[in-house]
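The values are calculated or read from the model by the stated rules, or taken from the named source; none is laboratory data. Every value quoted in this text rests on a predicted model; they were computed, and no experiment measured them. Heavy atoms of the whole protein, side chains included, go into the accessibility calculation; ligands, DNA and RNA do not. Shrake-Rupley method; radii C 1.70, N 1.55, O 1.52, S 1.80 Å.
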Amino acid sequence: MSDTELRKAIGTLQSRADDARRRGSEADAERIEQAVNEYRDEMSRRL
């Protein structure tokens, strides 16, 4: 995955996690946030 694709994925997933929280789906939001954190870790290793 390119840096640009990774940034886009992080933004998209963060938005989905926020939506899940607004709907009251905390478990879904936490699962999505875990993926976001993994992508952020990947991005930090690249920089």
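Below are the figures for this structure:
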| read-out | value |
| --- | --- |
| Segment 1-40: relative contact order in percent, alpha carbon pairs under 8 Å with at least 6 residues between | 43 percent |
| Solvent-accessible area of R21 with every protein chain in place, 1.4 Å probe, in Å² to the nearest 10 | 100 Å² |
| Where the chain is the region considered: accessible area per residue in Å², 1.4 Å probe | 74 Å² |
| Nearest 10 degrees, 0 to 90: helix 26-46 Cα axis against the chain principal axis | 10 degrees |
| From the coordinates shown, semi-axes √(5λ) of the Cα gyration tensor in Å corresponds to which of [x] 22, 10, 6; [y] 45, 9, 5; [z] 43, 4, 4 | [x] |
| Protein-only accessible surface order, largest first, of M1, M43 at 1.4 Å | M1, M43 |
